[in-house]
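The values are calculated or read from the model by the stated rules, or taken from the named source; none is laboratory data. Worth saying up front: this structure is predicted, and the values here are computed from it rather than measured. Cβ coordinates were reconstructed from backbone atoms using ideal geometry, including for glycine residues, and neighbour counts include every protein chain displayed.
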Amino acid sequence: MTAAVLANNLWVLLCGLFVFVMTIAVGLLEVGELGERVIQSLVKTILITGLAVLVMAVIGFNTAFAPTVGGIIGNPFYGPGLILGAFSPGIADSWWSVVVALHKMKLSAFAIYSVVYFVVIWALPAAWIWNPSGWLAKLGMVDFAGGLVVHGAAGAAGLGIVWQIWREEKASGRKTSEVVPYRVNAGWLTIAILLLWVGWFGFNPGSVLAFNDEAIVVVETTFIAAAAAMVSTSMTAYVLTKELFNPLYVVNGILMGLIVITPLAGFVSPGSALVLGLLCGPIFCYAERFVGRAKWMSDPVGLFPGHLAGGIFGVLMIAFFAQNQFATGSGFPTLPNGVLFGGGGAAVKQLGIEAMGIVVAVVAVFLISNLTVRVLAALMKGITTSHAYTGDAETLTGASEKIG
Amino acid sequence: MTAAVLANNLWVLLCGLFVFVMTIAVGLLEVGELGERVIQSLVKTILITGLAVLVMAVIGFNTAFAPTVGGIIGNPFYGPGLILGAFSPGIADSWWSVVVALHKMKLSAFAIYSVVYFVVIWALPAAWIWNPSGWLAKLGMVDFAGGLVVHGAAGAAGLGIVWQIWREEKASGRKTSEVVPYRVNAGWLTIAILLLWVGWFGFNPGSVLAFNDEAIVVVETTFIAAAAAMVSTSMTAYVLTKELFNPLYVVNGILMGLIVITPLAGFVSPGSALVLGLLCGPIFCYAERFVGRAKWMSDPVGLFPGHLAGGIFGVLMIAFFAQNQFATGSGFPTLPNGVLFGGGGAAVKQLGIEAMGIVVAVVAVFLISNLTVRVLAALMKGITTSHAYTGDAETLTGASEKIG
Amino acid sequence: MTAAVLANNLWVLLCGLFVFVMTIAVGLLEVGELGERVIQSLVKTILITGLAVLVMAVIGFNTAFAPTVGGIIGNPFYGPGLILGAFSPGIADSWWSVVVALHKMKLSAFAIYSVVYFVVIWALPAAWIWNPSGWLAKLGMVDFAGGLVVHGAAGAAGLGIVWQIWREEKASGRKTSEVVPYRVNAGWLTIAILLLWVGWFGFNPGSVLAFNDEAIVVVETTFIAAAAAMVSTSMTAYVLTKELFNPLYVVNGILMGLIVITPLAGFVSPGSALVLGLLCGPIFCYAERFVGRAKWMSDPVGLFPGHLAGGIFGVLMIAFFAQNQFATGSGFPTLPNGVLFGGGGAAVKQLGIEAMGIVVAVVAVFLISNLTVRVLAALMKGITTSHAYTGDAETLTGASEKIG
């Protein structure tokens, strides 16, 4: 191998490992926000880690990245030559979609849903946008490290699950969906958000798929956006609540910055990343208020204001902040400059493509996700667990599922 | 340095660091399974980390890897040129052996035993099998990243300690060895098993001692075996107990897969790793039942069904699943194909060599370990601590040892 | 990029990430030593992580490393070309200074102080000693990875804060400064000290700013000093208290070894690192006793015996233990051998330069830090929080600050 090939392989492999660390962090983030009652969530965290590795290695990497059948989905039987690459993206996507369902979904339904998710639900947007033979990729749609493919799709898939859970809750006589109250555990919250930040070092810079000057710029854009969003979200929350540095807003600010920069981390300057980070505070706080009004919605960890709203916002910003000089370094030499950098008509056209892709992907993922859980609900008499919040951190109660 | 040398050095150094992370994870795994009573175990975790670095740097690396005296043990005074390599394998082995003893062994006995372990007990199998001048290595025995040298020997050494503890418990009037009941702490359990998985990224792929194509294959074999074993162990436990996804079996399944693949991760295909992982469930569950019958055995964290049984099973599987094409990439060009890949007579001969090496190493390590703790027991009136399970996670009670 | 440039960039970037991990570990160390009451400390940990990234990227890296104005401070408007390097040293320094203030300082005062710290307080010693155009650097002063620039200055800055807190406590009628009693939480303590150790892998070896043979030696000197200091501090504490392996001394020993080796890790042999580590025990234990006498001092986590005393001691030892052959590899080819290696008059002169630099930097940092908090105290009616120790780990009480 030449020096460049060695460095690229080492970079992608190490970044894959850092993304793997995110898996731990996502589960612990929930414990950090909701307290140590949520033992079942952690069992789910471990389970999907293993399932993602296995399913992606055997088939899921093919459905996403093998040459597509008509631009729609990768050939599932393409062959094992692609196995390697499976493990990092396989993990990357695995957990986002299911965070929302961690508390309320039966373990058995959760495990089966996860397999469908890896093979089909996640794979479709990936095959459409990231796979060079995908129909949206051919139209010119881009999404650097997954604002739509990972975060937006995760939010849409989660929405499909939450809707089904609400139907079951309504059928059992509830007027509003049960909401788990926050119970901050500062230790887990701290280690979770900082490990997520470490993981994003793999997630975004690793998405350059090479170790070059642009990979270093992506480290900068990712870290600066997160830091700026922390300040902006803390300050917006202070204006709205008069409470300074509530840890939930400090942490969700960092997370929102990381999500928003994800789809364009490889296309923008560090200065643009700073501006994008500063925009995150108002977007998160107002999206959270908007979502909080829905009686059918239970979203303890900010999946919709964060991953769905943030991911989509970031993808749209490509048409405003992209600069061809950075995009070229990360492998997208034909991406036009954004509106703010003189892109003109080409940038407006790019905005249309991105918006269209967002609508199609979000609707498709929502429908397939909802259909999947409805089938599961029919087969197993509902997907909602009967002991969602009763797990005791020091016993096994509620952590496994007794069947038959 | 050439590009290849730079990449190899960087790879081995980083993998060493990831193995270092395992140290944390092992201590936390025990807390995750037994609850926060076990504060003394964590003091021991920190202690052996430091002692391993120090002892291996000064002498232990020499006794394992310096040119041997008659194939038996490395020359302890070979010189400081070897210091560097010490830190990663020094850590790698350090903790496995002592997990079993964490609760019940006096801190002072534990610290002295650890020094003996690094200098002699661990070093013997390493000098015999990993050291090119070792007598088993010269017979053709191989053990890729330590199924016997690390895990099997750890189990045998632990058995030597447990036997002495049982003798002391019996002398004080007990009919069966006191067993610490499980008290799952999901947070620590999650972070422990996922950090162990991260550590194994260093442990197995780093054992190629180079960054080449085979190192990448070893990442795959390691991760796939762990994931497959998680599924297989969860499902076996479900069949046996009707309880789905008990976190202890989910976690022990991952661990079992990682242990079993260790001795052959660099010799097999990803497909074989999948098969080996699927075999782990029944082996772990039945080994655990078998071990659980012994009244003298206290093994809260699965050292014997996991490390001893899993390590030995993996070493034996070399003679069935090895493929010369993979072994060549990890530096063993003379290893014959296994029985399942047309190895024929050469594979059967390899099976005999591996089996003979297992018997000799396990017996030798058990005897030396037991002799060591008997001498310590004679010197300090027993090695069993009087406050094994009374540590309070928020105080110092039970965490240190008052002497004289 | 050539192979060497690729390897150097990859090394510095990865080491920067490991240093980032230290941020988590510092907050958790405090939780490990003082128990889960200190939720506000963790909010501060997350806050300074974000603020450090942001402030250093925008201006702080310039004030430290851009061409200086008269050798005193870097040109703050030098330009964004330096942004990249910001993130790792920006983090490296960020937290040390503020550990001491974590409990007792208002969140708002803390956040403003942090910005001043990154832009001016930390930047001055860095500009003087690490910046090639600094006035101390021109005199020949060296400080490899920051015994004075990071640790000594952090201690001096902390002293400036503690003094102001004591003035406020005295004004409110206290006779001695309130001391937070130790309440060890073994889980957090373990993960904290071992992640700190991982972070130091980035901190010291990364300070070579290249991946060469010397970087590998620095891994050895760093790890061996930590391990030796663990043994020496545990044993010194045992002699003084008759208590064997108190976890606080085991952990503080490792930390002391890491601090002391920091300023000379790139200048000494592994054997010298072993000796330096063994010297740490008595220095830490006696410095702790000396500091403990002061009625105005509240230092729950050993900032003064550790970072201030240890950092200064390490810097002075440069003049005794340095060897030109190692210093050349880490980029200091003109550093003379130390007294113990035949340095003679040149070594004595070096001792004088180091001592002079220590005095000037410690006094300057103390005065500016104290002036800063006095101004803040005047503006916001004191910097001491009213609820320092009342945070409940499972609620938000005490974790944020209600204003207006």
Practice prompt. Please give the number of the condition A:Gly50 fails out of (1) under 28 Å from B:Leu196 (Cβ atoms); (2) modelled with pLDDT of 85 or more; (3) within 14 Å of chain C (Cβ to nearest Cβ).
Written response: (3)
Item to complete: Would you mind finding the one in C:Leu54, C:Leu47 that is of a type in the set (A, V, I, L, M, F, W, C) and within 18 Å of the chain's Cα centre (by Cα)?
Response: C:Leu47
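Condition check ((1) surrounded by 24 or more Cβ atoms within 10 Å (Cβ to Cβ); (2) of a type outside the set (Phe, Trp, Tyr)) across all residues:
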position: B:Leu279; (1), (2): no, yes
position: B:Phe284; (1), (2): yes, no
position: B:Gly292; (1), (2): no, yes
position: B:Gly306; (1), (2): yes, yes
position: B:Phe320; (1), (2): no, no
position: B:Gly331; (1), (2): no, yes
position: B:Pro336; (1), (2): no, yes
position: B:Gly342; (1), (2): no, yes
position: B:Ala346; (1), (2): no, yes
Worksheet, complete the sentence: The helices (runs of 4 or more DSSP H) lying wholly within the stretch A:53-112 that contain at least 3 residues that are modelled with pLDDT of 80 or more and away from chain B (no Cβ under 12 Å) are A:61-65
Discussion item. Between a residue in the stretch B:334-350 that is more than 16 Å from B:Val275 (Cβ to Cβ) and any residue that is of a type in the set (A, V, I, L, M) and assigned to a helix (DSSP H, G or I), which pairs come within a Cβ distance under 6 Å, given they are 6 or more apart or on different chains?
Written reply: B:Leu335/B:Ala327; B:Pro336/B:Ala346; B:Pro336/B:Ala347; B:Ala347/B:Ala319; B:Ala347/B:Val339; B:Gln350/B:Ala319
Discussion item. I'd like to know if the stretch A:280-288 contains one or more residues that are free of Cβ contacts under 8 Å to residues at least 12 places away in the same chain and charged (D, E, K, R).
Written reply: no
Practice prompt. Starting from residues that are more than 14 Å from chain C (Cβ to nearest Cβ) and aliphatic (A, V, I, L, M), keep the ones in the stretch A:266-292 and report whichever is nearest to C:Ile48 (Cα to Cα).
Written response: A:Leu279
Worksheet, complete the sentence: Taking the stretch A:9-47 and the residues there that are at pLDDT 80 or above and more than 24 Å from C:Val21 (Cβ to Cβ), the one that is farthest from the other protein chains (Cβ to nearest Cβ) would be A:Lys44
Worksheet, complete the sentence: Those residues of the stretch B:1-27 which are over 18 Å from B:Ile259 (Cα atoms) and not β-branched (Val, Ile, Thr) amount to B:Met1, B:Ala3, B:Ala4, B:Leu6, B:Ala7, B:Asn8, B:Asn9, B:Leu10, B:Trp11, B:Leu13, B:Leu14, B:Leu17
Worksheet item: Got a number for residues in the stretch C:23-47 being more than 18 Å from C:Gly199 (Cβ to Cβ) and among the hydrophobic types (A, V, I, L, M, F, W, C)?
Response: 5
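Rundown of residues vs (1) surrounded by fewer than 21 Cβ atoms within 10 Å (Cβ to Cβ); (2) not in a helix (DSSP H, G or I), yes/no style:
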site: B:Lys170; (1), (2): yes, no
site: B:Trp188; (1), (2): no, no
site: B:Gly199; (1), (2): no, no
site: B:Ala210; (1), (2): yes, yes
site: B:Val218; (1), (2): no, no
site: B:Thr221; (1), (2): no, no
site: B:Thr233; (1), (2): no, no
site: B:Met256; (1), (2): no, no
Fill in: Unmet requirement for C:Val179, which otherwise passes all of (1) surrounded by fewer than 24 Cβ atoms within 10 Å (Cβ to Cβ); (2) closer than 30 Å to C:Met356 by Cβ; (3) aliphatic (A, V, I, L, M)
(2)
Worksheet item: Does the stretch A:132-155 contain any residue that is assigned to a helix (DSSP H, G or I), more than 10 Å from the chain's Cα centre (by Cα), at pLDDT below 95 and over 16 Å from A:Gly314 (Cα atoms)?
Response: no
Fill in: Filter pass, A:Gly206 being more than 8 Å from chain C (Cβ to nearest Cβ), closer than 20 Å to C:Ala57 by Cβ and either β-branched (Val, Ile, Thr) or crowded, with 24+ Cβ neighbours inside 10 Å (or both)
no
Worksheet, complete the sentence: Restricting the stretch B:249-264 to residues that are at the interface with chain A (Cβ under 8 Å from one of its Cβ atoms) and in contact (Cβ under 8 Å) with a residue 60 or more places away in the chain, the one nearest to B:Ala229 (Cα to Cα) turns out to be B:Ile254
Response to the item:
Selection from the stretch B:229-246 of residues touching an Asp or Glu at 6+ places or on another chain (Cβ under 8 Å) and facing chain A (nearest Cβ under 7 Å) yields B:Glu243, B:Leu244, B:Phe245
